[in-house]
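Scroll down for the structure; my scribbles are underneath it.
What follows is calculated from the coordinates using simple rules that are stated; it is not laboratory data. Predicted, not measured: the structure shown is a model, and the values here were computed from it.
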Amino acid sequence: MHSIPSPSEIISAGKVAIRVKRAGVLQVLDFVVARGMSPEGEYPYLVLDKFIDLSELLRVSEEYGFPVFGKNGRVFPPGKSAKDFVCLLKKQ
């Protein structure tokens, strides 16, 4: 079992390799840290430039604690919105 890096480690590295199931096959894909703008300020999110099931995007979002954007959708961890992630960039 692998350990999940902290949000500050992910932001510092600018990307994170995550094991996902895509088209029925387990793959390790690089999710890149991008920055979005909300009324409360800039917030980080993970982006993948490939199509992936929304259920898998949601799993990654919950597991890593970041919003995740893919080619076919955007998801946030349950009960959270962009304003909940603004503090992550202010700590940098």
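Tabulated data
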quantity	calculated
Shape metrics for segment 49-92, restricted to C-alpha atoms - Rg then Dmax, Å	11.0, 32
Computed log₁₀ I(q)/I(0) - Debye formula, equal Cα scatterers, no solvent, segment 7-90, q 0.22, 0.23 Å⁻¹	-1.03, -1.12
Residue among V16, V75, V25 with the largest mean-square fluctuation in a Gaussian network model of the chain, springs linking Cα atoms under 10 Å	V25
Hz values of 3J(HN,Hα) by residue in segment 52-58 - Karplus curve (6.51, -1.76, 1.60), Gly and Pro given as x	8, 4, 4, 4, 6, 4, 5
GNM result for the chain, Cα springs below 10 Å: residue of F31, F51, F69 fluctuating most strongly	F51
